[in-house]
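Below is one structure; the comments refer to it alone.
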Amino acid sequence: MWQTQVKTVAANIRRRVFEHTLKHNGGYLSQACSSADLLATLYVQVLNLGPSVAPPMPPPFAGPPSADNPYSFTGAGYHGERHPARDRFFVSPAHYALVVYAALIETGRLAPEALDLFNQDGGSMEMIGAEHSPGMEVTTGSLGQGLSQAVGVALARRMRKERGRVWVFLSDGELQE
């Protein structure tokens, strides 16, 4: 049953974030406790994502996207290749990045060893996720920006008559901003 898988993934997300927070003397543990079930349900049962097309070990930060930087990348590849029938998933609270990384690991989209790169200078596994961080497609900046970015993508998809849905993960704190 998928419910059992969701419970297992959620428990493993919490465990992984807890162990990481203790090992590195810091992290956003409360986000893991409050969002593990939601992220597990989304990744295991709800989202229509393709298999990850990103490397299991994320590459170093290659610089911001621009016409002059052919090496830049986004973390969206961990959600699969873009396709009109597939869903797009936006994580608005960028400070939930560690929980998203744990969810990607628990669902086989990211290598467990990738957490060793967390918050390292020059890496893409940032504490506050950005467009190049695994599972992140855009930099959300101030709280609540992910919603407006996703609405723009949803409108464009509707205009193109694409069937895939657009999902936004928001935190309650963002809605208070």
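Every number here is computed from the coordinates shown, using simple stated rules; none is lab data. Note that the structure is predicted; figures quoted are calculated from it, not measured. All Cβ positions, glycine included, derive from the backbone under ideal geometry; neighbour counts span all protein chains shown.
Table for the structure above
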quantity	calculated
Average projection area in nm² (convex hull over Cα atoms of the range 59-114, one quarter of hull surface)	5.0
For q = 0.13, 0.24 Å⁻¹, Debye-computed log10 I/I(0) when each Cα of the range 100-140 counts as one equal scatterer	-0.23, -0.77
Nitroxide proxy distance, nm - points 7 Å out along Cα→Cβ at M159 and A62	2.8
Net +/- balance of residues flanking A76 in space, Cβ distance below 10 Å, scoring K and R +1, D and E -1	-1
When the range 1-58 is reduced to its Cα atoms, the Kirkwood hydrodynamic radius in Å	12.6
Approximate shape of the range 97-177 as ellipsoid semi-axes (Cα gyration tensor, √5λ), whole Å, largest first	25, 16, 11
Fraction of alpha-carbon pairs over 25 Å apart in the chain - percent	29
Amide H within-cut-off set for R88, under 5 Å, with H built and near neighbours excluded	R165, V166, W167
Electrostatic dipole magnitude of the range 23-177 [Cβ: Lys, Arg +1; Asp, Glu -1; Cα centre; debye, to 20]	760
Environment charge of F89, counting only residues whose C-beta is closer than 12 Å and scoring Lys/Arg +1, Asp/Glu -1	+3
Normalised contact order of the chain, rounded percent, pairs of Cα under 8 Å and 6 or more residues apart	24
Positive-end residue, the range 1-145 charge dipole about Cα centroid, Cβ charges, pick of V44, A94, S72	V44
